[in-house]
Each structure stands twice: as C-alpha cells, then as structure tokens.
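Okay, structure first, notes after.
Just so it is clear, none of the values below were taken in a lab; they were calculated from the coordinates. On a predicted model such as this, the values are computed, not experimentally measured, just so you know. Cβ: placed from backbone, ideal geometry, glycine included. Neighbour counts: every protein chain shown.
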Amino acid sequence: KLKGKLDINIDEIISENEIIYDFSAKGEINSGKVHRLNAKGNFSKNEFLDISIIPLNSGKKKMYVYSERAKPFVENFDFIKGFTEGKLIYNSTYDEKSSISNLKIYDFKVQNVPVLAKLLSLASLQGIADVLTGEGIRFNIFEMDFKSKEKIMTFDEIYALGPAISILMEGYIEKNKLVSLRGTLVPATTLNKVIGSIPL
C-alpha cells in the first residue's frame with residue numbers, strides 16, 4: 001500500500017559483467033507499484049542508459065528503455081549465450097493483465113547459436129570469417145513485436161538481419177508449458193540472389 005515520491009541516487013551499480021555509474025531516478029509509487037519513473041545512468045562517458053515509465057489516460061502505462069549496452073538486458077535469457085556489443089531500444093504499453101511491446105537491438109554478435117544457423121552462415125564469406133574467428137555471428141538489427149496476456153506470450157514477428165544470415169519467425173510461448181516458434185533462416189548469399197533477380 002506504499003504511496004509516495006521516489007528519489008534515488010547511486011554512485012555505482014555493480015552486476016556480474018557491467019557497472020552503471022551515476023544512476024539517478026525520480027518518480028512516484030502508487031499502491032506499491034511504480035506509477036511514474038525517469039531514470040538515467042552511464043556505462044562510460046559516451047554510453048548511457050535511459051528508462052522511463054509514463055501513465056496514460058487509458059489507465060495503461062508506457063515504458064521506454066534505451067541502453068547503449070544491450071548485454072545487461074539479454075544475458076539472463078537461457079537461450080542466448082555469448083552475446084556481445086549492441087544497443088537496445090524497448091517500448092511497451094502495459095497494464096496488470098496484458099502488454100504490447102517492441103524490442104530492437106542493433107549491431108551485435110551471438111557466439112552460441114544453433115548448429116543449423118552456423119551451417120547456413122557458412123554459405124557466405126562473411127559467415128565463414130565470423131565462425132572461424134570465434135567472435136560469433138554478426139547481426140545489424142534484431143526486432144521483435146510481441147504481446148503478452150495472462151500466461152501466453154505471442155510473437156507477431158521476430159526478425160534479425162546480418163551480413164551472413166537473416167531470420168524471420170513467429171509463434172507463441174505458454175509459460176512453463178509450451179514453446180511454439182516457426183520461421184525461416186536465410187543465408188545472405190541466397191537473399192542477395194533473390195534481390196538481384198527482381199527486375200527493376
């Protein structure tokens with residue numbers, strides 16, 4: 001039942017792999033939940049984190065996250081290993097029962113990807129270079145549109161574009177029960193051939 005204003009200043013927030021400096025946040029708490037928030041922090045002099053929560057007239061809330069380091073937000077997912085680099089933008093409109101969200105990550109690498117993705121990436125010279133150096137498969141952009149309601153998360157579209165491979169998927173996840181995802185993995189060379197064959 002806590003209600004009041006929030007005013008936070010922390011010199012350093014230390015996690016396993018990252019440190020956020022000069023973190024500050026101002027906002028409001030209503031019925032024990034964050035009603036409004038404006039938070040900022042720095043990973044370095046040129047890399048920052050920005051988080052905001054704004055109440056809407058509809059009774060829902062709008063959350064926005066911009067981070068010049070995506071890793072702290074994705075490294076805890078079991079299906080993502082060896083994630084490096086990348087910038088993250090997250091937008092979500094939500095209430096206690098449902099949410100509609102969009103996630104974008106730019107310019108990143110993933111080391112431990114499924115074997116099929118590695119095989120397909122070998123279809124291009126860039127993919128061979130990425131795999132042989134051990135730095136992971138590079139992607140220029142990853143975008144995901146998804147909705148959640150009760151215990152079901154529905155992915156309307158998931159796509160990732162990179163110099164070696166592109167991915168397009170859709171599906172849903174039922175919490176603690178079922179994962180159903182389907183889609184397409186396309187080597188960059190195949191994509192280039194298809195685009196090159198389209199008459200102008």
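Filter the cross-link list 33/109; 3/104; 5/97; 3/71; 62/149; 62/175 down to pairs whose alpha-carbon distance in this structure exceeds 28 Å.
33/109; 3/104; 3/71
At most 13 other Cβ atoms within 10 Å and a DSSP loop assignment: could you name the chymotrypsin sites (Phe, Trp or Tyr not before Pro) in the range 1-78 that fit?
Hits after loop and neighbour filter: 77.
Tally Lys/Arg at +1 and Asp/Glu at -1 over every other residue whose Cβ is under 15 Å from the Cβ of residue 106; what's the total?
Cβ neighbours under 15 Å give a net charge of +1.
What's the ranking of 86-98, 157-169 by average number of surrounding C-beta atoms within 10 Å, highest first?
The peptides rank, most packed first, as 157-169, 86-98.
Tell me the label-point distance for the pair residue 104, residue 58, using the 7 Å Cα-to-Cβ offset, in nm and rounded to one decimal.
Output for this residue pair reads 2.0 nm.
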